[in-house]
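Scroll down for the structure; my scribbles are underneath it.
The values are calculated or read from the model by the stated rules, or taken from the named source; none is laboratory data. Predicted model, so just to flag it, every value in this text is computed and none were measured. Here the Cβ positions follow ideal geometry from the backbone for every residue, glycine too, while neighbour counts run over all protein chains shown. Each accessible area value is taken on the protein alone, full model and side chains, heavy atoms only, with ligands, DNA and RNA left out. Shrake-Rupley method; radii C 1.70, N 1.55, O 1.52, S 1.80 Å.
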Amino acid sequence: APDGEELETATFALGCFWGPDSEFGSLEGVYRTRVGYAGGTKKDPTYTNLGDHTETVRVGYAPDEVSYEDLLRTIFDSHDHTRRVRKRQYQNAVFVSDEEQREAVRRHLGSMGVSPETVETRIEAVDRFYNAEEYHQKYNLRSRDAVAGAFERAGYTDEEIRDSPAAAKLNGYAGGHGAPDALLVDED
Ligand code: MHO
């Protein structure tokens with residue numbers, strides 16, 4: 001896996017963060033995922049005291065393996081950008097980190113033939129991203145004792161599970177993404 005310095009970061013909100021944590025983890029070129037809270041002003045939000053933040057997933061990807069545009073395609077294919085989500089906790093958002101990402105979103109919506117007035121998905125600069133509690137990180141993997149147990153017995157800490165590229169993949173497959181195809185042996 002490329003080390004941290006070679007990875008770029010993309011930040012999205014797509015409802016309950018367990019799902020996108022898993023889906024992004026399964027994607028080729030995605031090496032790290034973590035879930036947290038962003039898009040609001042409350043300091044140090046927690047799951048039970050989230051304030052005006054939104055459940056968010058942050059992805060570390062290798063840009064020569066998967067592009068930001070590919071990631072945008074994935075999210076705009078899998079959510080309805082015209083849907084107004086009432087609860088701020090679960091709103092859809094692309095939290096851009098710079099002008100380049102903002103421009104890429106504009107371009108992508110243009111290529112979809114979407115008129116900007118119909119877009120309910122928030123497109124905003126991300127101010128701060130607060131990590132969610134450890135029990136929310138790699139939730140699908142954690143819900144499977146066989147896999148979570150293997151990481152624990154191998155001596156991984158919560159933080160190491162959160163940051164592990166292997167755990168990101170397994171969390172993806174545990175959520176049904178990329179599996180079983182990704183797990184089958186090619187017999188030819
Ligand atoms: N209310 C759902 C979603 C949790 S997600 C972290 C549940 O408890 O299963 O918002």
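Please verify whether TYR47 is under 22 Å from GLU160 (Cβ atoms) and in contact with a Pro (Cβ under 7 Å, 6 or more places away or on another chain), treating the condition exactly as stated. Talk me through it step by step, then tell me what you get.
Values: under 22 Å from GLU160 (Cβ atoms): yes; in contact with a Pro (Cβ under 7 Å, 6 or more places away or on another chain): no.
No.
Being within 16 Å of the ligand (Cβ to nearest atom) and surrounded by 19 or more Cβ atoms within 10 Å (Cβ to Cβ) narrows it down to one of GLN101, GLN89, so name that one. Let's see the steps before the verdict.
On the way: GLN101 fails: within 16 Å of the ligand (Cβ to nearest atom).
Being within 16 Å of the ligand (Cβ to nearest atom) and surrounded by 19 or more Cβ atoms within 10 Å (Cβ to Cβ) holds for just one of GLN101, GLN89, which is GLN89.
Could you say which residue among ALA104, ALA174, ALA125 is of a type outside the set (S, T, N, Q) and farther than 21 Å from ALA93 by Cβ?
ALA174
Testing GLU117 on (1) assigned to a helix (DSSP H, G or I); (2) modelled with pLDDT of 95 or more; (3) open to solvent by 50 Å² or more (accessible area, probe 1.4 Å), one condition comes back false. Which one is that?
The failed condition is (2).
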